[in-house]
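Before we start, here is the structure in question, set down as structure tokens.
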Amino acid sequence: MDIRHRNNVTVTGRADGPVVLLAHGFGCDQNMWRMVVPALAEEYRVVLFDYVGSGRSDSSAWSEQRYSSLAGYAQDVLDVCQELDLRDVAFVGHSVSAMVGVLAAAKEPERFSRLVMVAPSPRYIDEDGYRGGFSAEDINELLESLDSNYLGWSAAMAPVIMGNPDRPELGAELTASFCAADPDKARVFASTTFLTDSRADLRTVTVPTLVLECAHDVIAPREVGAYVHAAIPGSRLVTLNATGHCPQLSAPEATAQAITAFLGGSR
Amino acid sequence: MCRTGALPDPDEEQDVDTTDAAFTALLEDSAEELYEQAPCGYLSTLMDGTIAKINTTLLDWLGLSRRRVVGRMRFTDLLTMGSKLYHETHYAPLLQMKGHVNGIAMELRAAEGARLPVLVTSKVKTSADGEPLLVRTTVFDASDRRAYETELLRGRQAAEQARRQAEADRERLQEALAVLQQSLLPTALPVIPGLETASHYHTASPDLLGGDFYDLFPLDDARWGFFLGDVCGKGPQAAAVTSLTRYTLRAAALHNPDPVEVLTTLNTVLSQRYSSGDTRYCTAIYGTLERRDDGFAVDLASGGHPLALVRRADGGAEYLPTPGGMLIGIMPRAKFTPASTMLVPGDTLLLYTDGLTEARIGPRRELYGDDALRAFATAQPSATGPQALVTALTALLDSFGDGLDDDTALLALGAPALAPAGGGPA
């Protein structure tokens, strides 16, 4: 299995710099990071990839069983680390990937030196004594939303080609429609993202950790950021004056600066 | 409609005046009114989502006052929870990266707790130096469209479900057919001292029961009955006749093993069935093997079946002629032709169905034919016995590929060759 091809691995930045591994969340692919990569690339060796089932990964490697649990996505991270023989990795995970990073670091702690959790949430659904911001019904609505946007007319969301590996000439169009995804795989990723309860895993974190949240984020509200911060002793919490769930897009300079400050400062 | 420098035709003058009047009336519709009363929702938001401007149409759909919305609410506040999640994970990132997003399905929290399915399109307005300033968004009512799409989606899901069910059914059916097919053939040929036996059954289609059959069974201590045949057609009806044929042959042979008598009994049974409306007949060779001091005596009879082939110990091969044998089961009285031969050590008797000789070969798809089969048997190495012959024929059948479109049964019986004097392995 060629992991570089399978996970569409991209390596950029300073070849001899410390490694920063950027992991995208649900809904898009490694393109999510493109506005912060230039700032990181000056000092770091930046590794990007797509989870199997997202972006330009090899979708033939996808299986519902593996990608129905966050452990499957964590294995993608570890596979990439192993393939590139990465050590002392600063893992930067957006959204659900923040928790994927926690799982990967728990499994192979020797590989990871830092954890940056961008807009993390270990549990999206409200429970007694915990407020994640959503009900199970809300998550079902999202799944319906996914379905209704994959019907075909919404070109931005529907994949231009669906599982057509024997027509590589369509590859260019696929690039143009980034963030498009195979609906069945996206549905599994959505369910896994929003229905998993990873709160207990926060206790396994031992590396220096930055929790990077946005001031106004409906997906990961501030009380969730505070929860994560409190659950990881010694973690640092930085609140960006940004709106939405994707500060690497809405506030790229501030996001890159917070990451480099943390990585440089704790070195 | 566009007036050019050309002179108008005087006859059209009046029509043009009327059209102009209609246009003028339209132009009194101010830009503001066009915006406020447009048949779609309009809104403009700051880059953080705060609503800066919104038209009356959209406010009416939402059941909200301008005062409560402008400067106080973000676009996501207008959405249902599911759409809010979708907006944050898909719409906002796309908009930020591409500067525009077209026709995404979302749901608004409309007046009085209703949900309004909409299609949303946004474009970022940038300053002269490319700085994003605000987002302009249009919102179209998509209630009818969404209802239609929900139906489509349901249809697609139902079709997918039906496809899975059909596949499962087909698998079950194939399993049942395989079991049934096996029941028409002996699970193993009996072990007969001094006799080597081999058989092969090639199934042309896993979806269709074939009509070929064969068997080998004891008659008494020194005699055995054998047969191989082919019921016309395929499928369950053919299989039913195959089953009837097989048990009739075995029972008839126990009563009187004379080959012509056995086939005559089968003909009577099948022709009674034939006259009842199911016009199925078969071809078959039935015979007996009797142990002798120097090998096995073969007596057989054929009803319309391809000739039995005997490969002799010296490597030569010959057909056993049974001229004039009639198809079994069509006429109430039928004539079957007997033949006899002796199998000495090294001889092999081969029975087969016409799938083998009627296979199409080569680019011109010619019949494989009797001559080619005899040549094939002759060309085998000198020590070839029943098992080796069937193995070679199985490879031959495989080599036919799609030229072999019928089921094919093979049955080979023979006395093993004697070890060369003084030369055999210890």
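How high is the relative contact order of chain B, in percent, with contacts defined as C-alpha pairs under 8 Å that are six or more residues apart?
Numbers: 767 pairs, mean separation 49.4, N = 426.
Normalised by residue count, the contact order of chain B is 12 percent.
Quick check: from the Cα gyration tensor, does the stretch A:198-267 come out rounded (a/c under 1.5), prolate or oblate? Show your work: numbers first, answer last.
Working: a/c = 2.45, a/b = 1.18, b/c = 2.08.
Judged from the Cα gyration tensor, the stretch A:198-267 comes out oblate (a/c at least 1.5, b/c at or above a/b).
If the elastic network links every pair of Cα atoms under 10 Å, which of A:41, A:136, A:71 fluctuates the most in the Gaussian network model of chain A?
The residue with the greatest mean-square fluctuation here is A:136.
Further question on the same structure: For the stretch B:14-141, what log10 I(q)/I(0) values come out of the Debye formula at q = 0.09, 0.14, 0.16 1/Å, with one point per alpha carbon and no solvent?
-0.31, -0.65, -0.80
Calculate log10 I(q)/I(0) of the protein assembly as shown for q = 0.07, 0.10 Å⁻¹, where I(q) comes from the Debye formula with a single equal point scatterer on each Cα and nothing for solvent.
-0.71, -0.89
Another question about this same structure. Could you work out how far helix B:13-27 tilts from the main Cα principal axis of chain B, as a 0 to 90 degree angle to the nearest 10?
80 degrees
Still on this structure: Please compute the average number of Cβ atoms from other chains found within 10 Å of each residue's Cβ in peptide B:106-115. It would help to have the intermediate numbers written out before the result.
Details: counts 3, 4, 0, 0, 0, 0, 0, 0, 0, 1.
Neighbouring Cβ atoms belonging to other protein chains average 1 per residue here.
Let me ask something additional. Any lysines with Cα under 17 Å of the residue B:123 Cα? List them, leaving off those in the same chain fewer than 8 positions away.
B:53, B:98
Here's something else I'd like to know. What residue among A:130, A:73, A:227 shows peak mean-square fluctuation when chain A is described by a Gaussian network model with Cα springs under 10 Å?
Top of the fluctuation ranking is A:130.
How much of the DSSP beta bridge set in chain A is antiparallel, as a percent to the nearest 5? Working shown, then result.
Values: 5 of 31 bridges.
DSSP beta bridges in chain A are roughly 15 percent antiparallel.
With a Cα-only, solvent-free Debye model of chain B, what are the log10 I(q)/I(0) values at q = 0.07, 0.08, 0.12 Å⁻¹?
With no solvent term, the Cα-only Debye profile gives -0.58, -0.61, -1.01.
Further, regarding this structure: Below 8 Å between Cα atoms, with a sequence gap of 6+, how large is the relative contact order for the stretch B:185-414 in percent? Don't skip to the end; give the middle numbers.
On the way: 516 pairs, mean separation 55.0, N = 230.
That works out to 24 percent.
Taking only C-alpha pairs under 8 Å that are 6+ residues apart, what is the relative contact order of chain A in percent?
It comes to 20 percent, rounded to a whole number.
Label the stretch B:77-127 by shape, choosing from rounded, prolate and oblate, from the square roots a ≥ b ≥ c of the eigenvalues of the Cα gyration tensor; if a/c is under 1.5 it is rounded, and otherwise prolate applies when a/b is larger than b/c, oblate when it is not. Please list the in-between numbers first.
Details: a/c = 2.48, a/b = 2.00, b/c = 1.24.
Taking the square roots of the gyration eigenvalues as a ≥ b ≥ c, the stretch B:77-127 is prolate.
What residue among B:306, B:338, B:39 has the largest mean-square fluctuation in a Gaussian network model of chain B, using Cα springs under 10 Å?
B:39
Where in chain A are the DSSP H helices whose alpha-carbon span along the long axis reaches 18 Å or more and whose Kyte-Doolittle mean is at least 0.0?
Numbers: long enough: A:70-83 (20 Å, 0.21); A:136-149 (20 Å, -0.60); A:252-265 (19 Å, 0.54).
Long hydrophobic helices here: A:70-83, A:252-265.
Which percentage, to the nearest 5, of the DSSP beta bridges contained in the protein assembly as shown is antiparallel?
Around 75 percent antiparallel, to the nearest 5.
Still on this structure: Tell me what chain B gives for mean residue ellipticity at 222 nm when only DSSP H runs of n ≥ 4 count, each as -39,500 (n - 2.57), the sum divided by the residue total, rounded to 500 deg cm²/dmol.
Numbers: 12 runs with 154 residues, N = 426.
When only DSSP H runs of four or more count, the value is -11500 deg cm²/dmol.
Let me ask something else. Mind jotting down the distance between the C-alpha centroids of the stretch B:50-100 and the stretch B:361-424, whole Å?
79 Å
Mind pulling the angle between the C-alpha long axis of helix B:386-400 and the longest principal axis of chain B? Nearest 10 degrees, somewhere in 0 to 90.
Tilt relative to chain B: about 30 degrees.
Computed from the mean reciprocal separation of all distinct C-alpha pairs, what Kirkwood hydrodynamic radius does the stretch B:185-414 have, in Å? Spell out each step's value before the answer.
Details: mean 1/r = 0.0565 Å⁻¹.
Kirkwood radius, the stretch B:185-414: 17.7 Å.
Taking the 0 to 90 degree range and rounding to the nearest ten, how far is the long axis of helix B:143-183 tilted relative to the main principal axis of chain B, both from C-alpha atoms?
The two axes meet at around 10 degrees.
Once you average over the residues of B:94-105, how many Cβ atoms of partner chains fall within 10 Å of each Cβ? Provide the component values of the computation, followed by the final result.
On the way: counts 9, 2, 8, 9, 4, 0, 1, 3, 4, 6, 6, 11.
Shielding by partners across B:94-105 averages 5.
Students often check this: by mean Cβ neighbours within 10 Å, which of A:115-122, B:182-189 ranks highest, and how do the rest follow? Before the final figure, lay out each step's value.
Numbers: A:115-122: 27.9, B:182-189: 14.1.
Result, highest mean Cβ count within 10 Å first: A:115-122, B:182-189.
Can you give the mean number of other chain Cβ atoms that lie within 10 Å of the Cβ atoms in peptide A:243-252? Walk me through the intermediate numbers first.
Values: counts 8, 10, 6, 6, 0, 2, 6, 7, 1, 1.
Shielding by partners across A:243-252 averages 5.
Rounded if a/c is under 1.5, else prolate if a/b is larger than b/c, else oblate: which is the stretch B:331-426, with a ≥ b ≥ c the root eigenvalues of its Cα gyration tensor? Walk me through the numbers before you get to the answer.
Working: a/c = 2.69, a/b = 1.33, b/c = 2.03.
Oblate shape, in that a/c is at least 1.5 and b/c is the bigger or equal ratio.
Each value in this text was obtained by applying a stated rule to the coordinates, not by laboratory testing. For clarity, every value in this text was computed on a predicted model and none was experimentally measured. Please note: Cβ atoms are built from the backbone with ideal geometry, for glycine as well, and neighbour counts cover all protein chains shown.
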